[in-house]
């Protein structure tokens with residue numbers, strides 16, 4: 001409809017332009033005729049008294065002639081409103097019968113005036129414009145039909161494409177075929193296919209996450225149910241207290257698993273809006289992580305402390321999720337280290353790339369399993385600690401910050417987890433950066 005309306009508007013504009021051009025041409029030609037008529041009357045004008053010609057309805061012109069004293073010698077017919085005296089040259093005057101175009105000229109001892117109704121010129125202009133535009137106006141319905149047909153044929157592939165997109169469901173996200181799509185729509189089809197692929201991957205990951213979460217929660221829930229029964233059946237106060245302690249520990253493990261699940265859901269690369277890019281001091285994160293895990297390290301007799309903590313190690317990101325990332329690495333290092341072992345937490349810059357690093361001296365992870373430990377709910381054989389979500393959360397948060405997590409052996413035995421941030425994320429340290437990391441938390445063996 002917009003194209004049809006545009007074509008009609010252009011046609012009307014063209015008609016107006018043609019009419020104005022025809023009017024200008026007819027005005028020029030008519031003015032020329034007025035002048036020629038006046039000149040031809042120079043030698044034919046009557047010289048006696050005033051003469052009034054007969055009324056001729058088909059005569060468009062009115063002629064008046066005066067002598068030098070202003071006496072009218074001739075008037076072709078009476079027209080009310082025409083001037084009683086001549087003003088030399090061309091002029092447009094208003095009479096009772098309408099507007100008139102008047103030409104007056106002094107020839108010898110005579111003043112000759114020739115007048116023509118403006119409506120005659122207007123009629124001639126309309127007739128000329130109509131003759132010029134008649135073929136176009138007659139072809140306008142055919143043009144509208146052609147436009148309608150061409151647009152309908154051009155939009156048919158897009159309508160088919162819209163139908164294919166509408167037919168996709170969460171259970172059927174097959175890519176859209178490019179065959180039959182107009183060349184201009186190929187980039188759109190490819191972008192839609194890419195979106196469908198990413199949506200399919202996200203839905204698959206969500207289904208896998210829900211299935212894994214349901215599977216992982218089934219066992220601790222069953223254990224809690226058994227522990228509640230043991231509390232109810234406890235024969236004495238000591239047994240009741242022991243059963244309650246087991247129940248409390250089970251609730252703690254369940255709470256930890258649920259919290260890890262929520263953290264993983266929030267930290268996914270497709271969760272929430274883009275990062276705000278707030279400057280985050282890695283040395284402050286190290287200080288906070290060491291302070292937060294001091295009691296856990298002391299209880300497990302782990303020597304926890306901050307090693308290198310460069311004050312200019314700053315990245316742009318989300319402080320809360322980066323704090324969670326480092327907390328999971330430190331928690332894993334403490335829980336998988338034997339009593340008396342040492343855990344170091346570092347922050348620095350290497351080759352213009354800020355990094356976080358947590359090193360322990362535990363059993364480590366075989367190189368063949370280092371990729372799998374980032375999978376959700378994966379636990380190494382023989383491991384009965386943790387929820388299997390800690391490193392998955394670390395990887396998800398790192399990916400949101402365009403960072404990379406690398407696992408390698410610690411010199412002397414153990415595992416070192418390092419998070420390398422891209423150089424483009426480096427930022428100026430905040431004004432309160434440079435907090436001094438806390439002193440090393442000694443283990444029960446009293447090592448500094």
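The values are calculated or read from the model by the stated rules, or taken from the named source; none is laboratory data. Please read all numbers here as calculations on a predicted model, not as lab measurements. When we count neighbours, we look across all protein chains shown, and the Cβ atoms used for this are built from the backbone with ideal geometry, even at glycine.
General remarks:
- Per the listing 152, 91, 115, the residue uniquely in a helix (DSSP H, G or I) and either loosely packed, with under 14 Cβ neighbours inside 10 Å or more than 60 Å from the chain's Cα centre (by Cα) (or both) is 152.
- Against the conditions (1) farther than 23 Å from residue 96 by Cβ; (2) touching a helix residue (DSSP H, G or I) at 6+ places or on another chain (Cβ under 7 Å); (3) modelled with pLDDT of 75 or more, residue 61 satisfies every one except (1).
Listed here are the residues, each with its yes/no results for (1) modelled with pLDDT of 80 or more; (2) farther than 20 Å from residue 396 by Cα; (3) outside the structural domain of residue 251 (by TED's automatic domain parsing).
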| residue | (1), (2), (3) |
| --- | --- |
| 192 | yes, yes, no |
| 204 | no, no, no |
| 211 | no, no, no |
| 216 | no, no, no |
| 224 | no, yes, no |
| 228 | yes, yes, no |
| 236 | yes, yes, no |
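- The stretch 301-313: number of residues that are crowded, with 19+ Cβ neighbours inside 10 Å and in contact with a helix residue (DSSP H, G or I) (Cβ under 7 Å, 6 or more places away or on another chain): 7
- Qualifying residue in the stretch 386-394 (condition: in contact with a strand residue (DSSP E or B) (Cβ under 7 Å, 6 or more places away or on another chain) and either surrounded by fewer than 22 Cβ atoms within 10 Å (Cβ to Cβ) or modelled with pLDDT under 90 (or both)): yes
- Here 251, 188, 247 are screened, and the one residue that is under 30 Å from residue 319 (Cα atoms) and at pLDDT 75 or above is 251.
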